Structure formats: structure tokens, C-alpha cells
Amino acid sequence: MLLGSTGEGVAKKAFPQAELKSYKGGGPLLIDAVMQGQADFGVNDSSAVVGQMANYPPNSLRIFPELLSKEPLAFAVRYDSQDLLEVLNLFFLNAGLDGRLEQNLNYWVNTLDWKKDH
């Protein structure tokens, strides 16, 4: 798992008997550790892993079928940009209601479908 990430706490809770090691740096370090036999598994954000797996041989890694935790995606705006915050909140509310949010998350974040189009 990544040093200082929420994955550290999640891994400690999900795998209390495991010997855990945290890596400083980016997610590819976790995958490299697994690929090189330095770790049996890694814990990271699922969308990051999906994107990073594209750089490794097909079928060389697997993602657990269930999430160990579910955490919200977020965005930030300047404290003095309340109008922008309201517009963004309304956009995400409407996109969630009509299905666009889930469709876009599945396209851009949860799969590599976007790669074939770009």
C-alpha cells in the first residue's frame, strides 16, 4: 500500500495477520513489488490500479472482485468561489440522477475503454 494513504488503514483492518509494507511513491511501485515477488498483493485505489495494469502483460495481475472500502471521489474549489461550487454540485447531482455520472465513471475511471477511443 502507499505510505500515508487510506489503504494503510484498510489493509490493517482487512488483513490483520499480514505482514504489511508501505511504499513511498506512486502506485506502479506496488505493482512492481508484486510482479517482482517482493509482495503477495498490493492495496490501492481501484481506478489507479485499472489504469496502471495497462502497462503490464495481460492476465499477469488480478483485482479483487470486491472493494475493501468505498471512498468518495472529490474535487476542490477556492473558498471564495461559492457560485462555482453550487454549479458543480448541481451538475453532479443531475448527472447522477440521469445516469451520466455512472456512465462516465465506468468509461474514464473504472475501465480502460477510453484508451481504444483516444
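A compact table of results
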read-out	value
Residue exposure sequence - E19, E8 - by fewest surrounding Cβ within 10 Å	E19, E8
Within the chain, longest stretch free of exposed chymotrypsin sites (Phe, Trp or Tyr not before Pro) [DSSP loop, at most 13 other beta carbons within 10 Å]	1-74
Residue-wise HN-Hα coupling along the stretch 47-58, computed from phi with Karplus coefficients 6.51, -1.76, 1.60 (Hz; x: Gly, Pro)	5, 5, 5, 4, x, 6, 4, 5, 8, 10, x, x
Centroid-to-centroid separation of the stretch 50-118 and the stretch 16-37 [C-alpha atoms, Å]	24
Karplus-derived 3J(HN,Hα), 6.51/-1.76/1.60, for each residue of the stretch 10-17, Hz, glycine and proline x	4, 5, 4, 6, 6, 10, x, 8
Lysine pairs with alpha-carbon atoms under 27 Å apart, the chain, spacing 8 or more or separate chains	9
Linear extension gain, L68 paired with L3, 0.36 nm per residue minus alpha-carbon span	21.7 nm
Cα centre as origin, Lys/Arg/Asp/Glu Cβ charges: the chain dipole, Debye	340
Share of Cα-Cα pairs in the stretch 1-69 lying beyond 18 Å, as whole percent	32
Built amide H within the under 5 Å cut-off of Y23, gap 5+	L2, L3
Residue-by-residue Karplus 3J(HN,Hα) for the stretch 95-108, coefficients 6.51, -1.76, 1.60, Hz, glycine and proline x	5, x, 5, 9, x, 5, 5, 4, 4, 5, 4, 5, 6, 8
Trypsin sites (Lys or Arg not before Pro) within the stretch 1-92, DSSP loop, no more than 14 other Cβ atoms inside 10 Å	K21, K24, R62, K70, R78
Choice from V87, V34, V50 with maximal GNM fluctuation in the chain (Cα, 10 Å cutoff)	V87
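All of the numbers you see were taken from the coordinates with simple rules; none came from a lab. Quick caveat, the model's predicted, so the values are computed rather than measured. No Cβ is skipped: glycine too gets one built from the backbone with ideal geometry, and neighbour counts run over all protein chains shown.
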